[in-house]
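A.B. asks: Sharing a structure with you now.
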There are 4 protein chains.
Amino acid sequence: MGTIHVMPVEIGFKHCDPAGIVFYPRYVEILNDTVEHWLRHGLGTGFATLHGERRIAIPIVNLQVDFIAPSRLGEDLACALRIDGVGRTSLKITIELRRAGHDEPVRLRAALVLVFVDMHTMRPIEVPEDVRRAIETGGY
Amino acid sequence: MGTIHVMPVEIGFKHCDPAGIVFYPRYVEILNDTVEHWLRHGLGTGFATLHGERRIAIPIVNLQVDFIAPSRLGEDLACALRIDGVGRTSLKITIELRRAGHDEPVRLRAALVLVFVDMHTMRPIEVPEDVRRAIETGGY
Amino acid sequence: MGTIHVMPVEIGFKHCDPAGIVFYPRYVEILNDTVEHWLRHGLGTGFATLHGERRIAIPIVNLQVDFIAPSRLGEDLACALRIDGVGRTSLKITIELRRAGHDEPVRLRAALVLVFVDMHTMRPIEVPEDVRRAIETGGY
Amino acid sequence: MGTIHVMPVEIGFKHCDPAGIVFYPRYVEILNDTVEHWLRHGLGTGFATLHGERRIAIPIVNLQVDFIAPSRLGEDLACALRIDGVGRTSLKITIELRRAGHDEPVRLRAALVLVFVDMHTMRPIEVPEDVRRAIETGGY
């Protein structure tokens, strides 16, 4: 499966450290934002609905990030998400950040494993059927 | 002067605390984002240009915030900025946050005083002429 | 009442912006940390107990901050909290930040109004008797 | 080499999400804090000195995190850092988070690769001799 969702982000003061480049915990916040943005605007199933009404959480169990090149204050990045696998209870997601509108190498590449969890029992549950269907048949 | 710029924001996990409402330091980050968004997309003078090329910073000297009603995960807010005064070296800004697309009372009202500073000397400088003109003649 | 609690903080990368000084939303996070630290280590009533077991929240309703002088990466600050008033349902708190171990002027002065709220009804409740007593008779 | 530095952290409101557990980008901020704390209090070479005077930065190039069990508001964690390798220009670091004072499994395990960089040229430099010596001969 290729890229299925892109979230734009403008690098601002809140992202940058005294070296004038993005502070890496802020990149990880951007990774989480990309997943939320996809759930809401790509899948049409917001974290709020999953979390608030359906009592389903999607905690991360593994995160791997290659920080390839720095990003600076004022740059526009494109955060491209693709699904690399749908397991029984989990999703494998890759997110790549590039400078928007520039033909430049990837700045950052991340692999995330998320698990669907029932918030009452805090135990893994199967990937909800509507989420699985939206991913597999491609609402894309 | 009335509202001159509006920034939308979606309330996500990163903004919310265990009570499920926006954690107030995150609101203050949103206030700063609103000012940056106005400088970049309203005035057309990004923080990056002021900061990186022109070596001008705009630190805050006074902040007053009324937290009127809470905001929750998944809500869309509109952050409306207006200029309440242009001094010799400073700006007075008011920002109001409302739920977007809902006829509801203001959630949060903030007053900020920002001062223009030369980053070499760290002393106040006069509001740059292009910024003053853009505000007063209304590129709006 | 004088200062009743001091929280130390080391200014790190996470607090600082590209100008090398503390980014103001991070200061507001430090203000909140100071209140939590006082509740836990001063009063002996942690946010976790109030929040988790007693279902009491203490949202902020008004915040006023004077940013007097900047703080830099690597500095040690002392965050001094005092109670300026105990109302029926609210507390008035002042927090001053100074450079620790240096005879320098205040860097930042903040006034916060916090209200005690029942998390079930989300309505104000009277300041809990044990909190009021601990403040007034002075575990201090 | 075994654990060479431990930083304590109290889980507060700023770390937690609406599920009442630590939001994972905040864990990554804690990982960075642990490295800064070691540089300052373990090695005795603060980020501020490296960064401000010696113009050396230590950006991360690879991060791998296993999120094993959640942490909750009010818990005390111990963040244990060990050095797993010193290369020509890089350090491999492992950080494990456990609940302090409890005989419980690891909550989170992270591996970080950091590279020493000259801030003028932004190119890798050899691990500074004083840092290498402090690690290898064991100020520990």
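The numbers here are math on the coordinates, done by the rules we state, and not lab data. As the structure is a prediction and not an experimental result, all values here were calculated from the model. Counting neighbours? That spans all protein chains shown, and the Cβs are built from the backbone with ideal geometry, glycine included.
A.B. asks: Any idea what the dipole of region C:1-128 comes to, in debye rounded to 20, about its Cα centre with Lys/Arg Cβ at +1 and Asp/Glu Cβ at -1?
C.D. replies: Values: 14 positive and 15 negative charges, 57 e Å.
Here region C:1-128 has a charge dipole of around 280 debye.
A.B. asks: Apply the Karplus parameterisation 6.51 cos²θ - 1.76 cosθ + 1.60, with θ equal to phi minus 60°, to every residue of region C:69-80 and state each ³J(HN,Hα) to the nearest whole Hz, in sequence, with x for glycine and proline.
C.D. replies: With the stated coefficients, region C:69-80 comes to 8, x, 10, 10, 3, x, 7, 9, 10, 10, 9, 9 Hz.
A.B. asks: How large are Rg and Dmax for region B:70-140 when only the alpha carbon atoms are used, in Å?
C.D. replies: Spelled out, the Cα radius of gyration and Dmax of region B:70-140 are 15.8, 47 Å.
A.B. asks: For region C:1-51, max minus min Cα coordinate along each principal axis, in Å, sorted largest first?
C.D. replies: Each principal axis gives a Cα extent; for region C:1-51 these are 37, 27, 15 Å.
A.B. asks: Here is a follow-up. Placing a label point 7 Å from Cα toward Cβ, how far apart in nm is B:Met119 from its equivalents in the other copies, listed shortest first to one decimal?
C.D. replies: Label-point separations across copies, in nm and ascending: 1.3, 4.2, 4.3.
A.B. asks: Then there is this: Can you tell which of A:Leu39, A:Leu77, A:Leu63 shows the greatest fluctuation in a Gaussian network model of chain A with Cα springs below 10 Å?
C.D. replies: A:Leu63
A.B. asks: Under a GNM of chain C (C-alpha, springs under 10 Å), which listed residue has the highest mean-square fluctuation: C:Arg40, C:Arg26, C:Arg123?
C.D. replies: So, out of C:Arg40, C:Arg26, C:Arg123, the one fluctuating most is C:Arg123.
A.B. asks: Listed highest first by mean packing, meaning other Cβ atoms within 10 Å per residue, what order do D:126-135, B:53-62 come in?
C.D. replies: Values: D:126-135: 14.9, B:53-62: 16.6.
Answer by packing, highest mean first, reads B:53-62, D:126-135.
A.B. asks: How far is helix D:24-37 tilted off the main Cα axis of chain D, in degrees rounded to 10, range 0 to 90?
C.D. replies: Approximately 50 degrees, to the nearest ten.
A.B. asks: Follow-up question, since we're still on this one. Looking only at B:His120, B:His15, B:His37, which one moves most when chain B is put into a Gaussian network model with springs between Cα atoms under 10 Å?
C.D. replies: Sorting by GNM fluctuation, first place goes to B:His120.
A.B. asks: Can you pull the three principal axis extents for the Cα set of the protein assembly as shown, in Å, largest first?
C.D. replies: The principal-axis extents, from largest down, are 53, 52, 51 Å.
A.B. asks: While we're here: Take the Cα coordinates of region C:53-98, assign each an equal point scatterer, and use the Debye formula without solvent to give log10 I(q)/I(0) at q = 0.27 Å⁻¹.
C.D. replies: Debye intensities relative to I(0), on a log10 scale: -1.13.
A.B. asks: May I ask you to evaluate 6.51 cos²θ - 1.76 cosθ + 1.60, the Karplus curve with θ = phi - 60°, for each residue of region A:39-54 and list the ³J(HN,Hα) values in order in whole Hz, giving x for glycine and proline?
C.D. replies: So the J values, rounded to whole Hz, are 4, 7, 9, x, 6, x, 10, x, 3, 5, 5, 4, 6, x, 9, 8.
A.B. asks: Once amide H atoms are built 1.01 Å from N in the peptide plane, which residues 5 or more positions from D:Ile125, or in another chain, come under 5 Å H to H?
C.D. replies: D:Phe116, D:Val117, D:Asp118
A.B. asks: Shielding by partners for C:22-34, please: the mean number of other protein chain Cβ atoms within 10 Å of each residue's Cβ. Show your work: numbers first, answer last.
C.D. replies: Working: counts 0, 9, 11, 14, 4, 4, 10, 9, 2, 3, 7, 5, 0.
Neighbouring Cβ atoms belonging to other protein chains average 6 per residue here.
A.B. asks: Let me know the charge dipole size of the protein assembly as shown about its Cα centre in debye, to the nearest 20, where only the beta-carbon of Lys, Arg (+1) and Asp, Glu (-1) is charged. Each step should come with its number before you reach the end.
C.D. replies: Working: 64 positive and 72 negative charges, 0 e Å.
Computed about the Cα centre, the dipole is about 0 debye.
A.B. asks: Whole percent per 5 Å bin, from 0 to the bin with the longest distance: what is P(r) over all C-alpha pairs of chain B?
C.D. replies: Reading the bins upward from 0: 2, 9, 19, 22, 18, 13, 9, 5, 2, 0.
A.B. asks: Moving on to the next point. Using Cα centres only, tell me the gap between region A:14-61 and region A:89-132 in whole Å.
C.D. replies: 10
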